[in-house]
Amino acid sequence: MTEQQIGKEYLENSIKAFQSMKSMAEKAISQLEPADYRWQPDPESNSILILVKHIGGNLISRWTDFLTTDGEKKDRNRDSEFEDENASMDQAMVRWEKGWNTLFQTLSGLSEDDLLRTVYIRGEPHSVVKAIHRQLTHYSAHIGQILYIAKHRKGSNWQTLSLPRAKPKG
């Protein structure tokens, strides 16, 4: 496999991984009642609404003008992403969609030659590969939180998003 082929495969697999995360989160959220969006296991934990706001804000900041500006945009108010502010889930989902669209447009526009370019996040230099990997890790942690909360809220009514457990024999 050539370097070009490896780069192309990395980009394709990264896009698929992001698509999978987005899809799983949305399938989990679709199983919930509106009252579940704000549920928190304790005051220091994030609700699904807050996680959706934060992921959306991060996506927009990181992936807008990805190759040419710092990934932490000056107009982003990260702290407000962790406040409820009586925002609706519909409002949060608009930001979520805008963020994911920004990510997918950006990744689709990258070439294999871009992968070793330097980009900045909070002034710290990253190769494009490192920046993509950083965000895959970050979003997967938060998507996992969304899935955990959703599954907890649904209990025995949870519709699995992957292979169901095997039924006990007997």
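All of the numbers you see were taken from the coordinates with simple rules; none came from a lab. Quantities reported herein were computed from a predicted structural model and do not represent experimental measurements. Please note: Cβ atoms are built from the backbone with ideal geometry, for glycine as well, and neighbour counts cover all protein chains shown.
Miscellaneous remarks
- Over segment 65-110: Kirkwood hydrodynamic radius from C-alpha pairwise inverse distances, Å: 12.4
- Correct choice for percent of Cα pairs over 25 Å apart that was computed from the model, options [x] 35; [y] 38; [z] 74: [y]
- Each of 155, 29, 15 was placed along the dipole of the chain (beta-carbon charges, centred on the mean Cα), and the one lying farthest toward the positive end is 155.
- When you filter the trypsin sites (Lys or Arg not before Pro) in segment 114-167 for DSSP loop state and at most 11 other Cβ atoms inside 10 Å of their Cβ, you are left with 122, 165.
- Chymotrypsin sites (Phe, Trp or Tyr not before Pro) restricted to DSSP loop in segment 127-165 with at most 15 other C-beta within 10 Å: 158
- Here the label points at residue 3 and residue 94, each 7 Å from Cα along the C-beta direction, are separated by 4.5 nm in the simple model.
- Rounded to the nearest 0.05, the FRET efficiency derived from the C-beta distance between residue 148 and residue 17 at R0 = 25 Å is 0.85.
- Measuring how big segment 130-170 is from its alpha-carbon positions, Rg and Dmax come out at 14.6, 50 Å.
- Intensity falloff of segment 93-158 expressed as log10 I(q)/I(0), Debye formula with alpha-carbon point scatterers, at q = 0.12, 0.19, 0.21, 0.25 Å⁻¹: -0.46, -0.88, -0.98, -1.15
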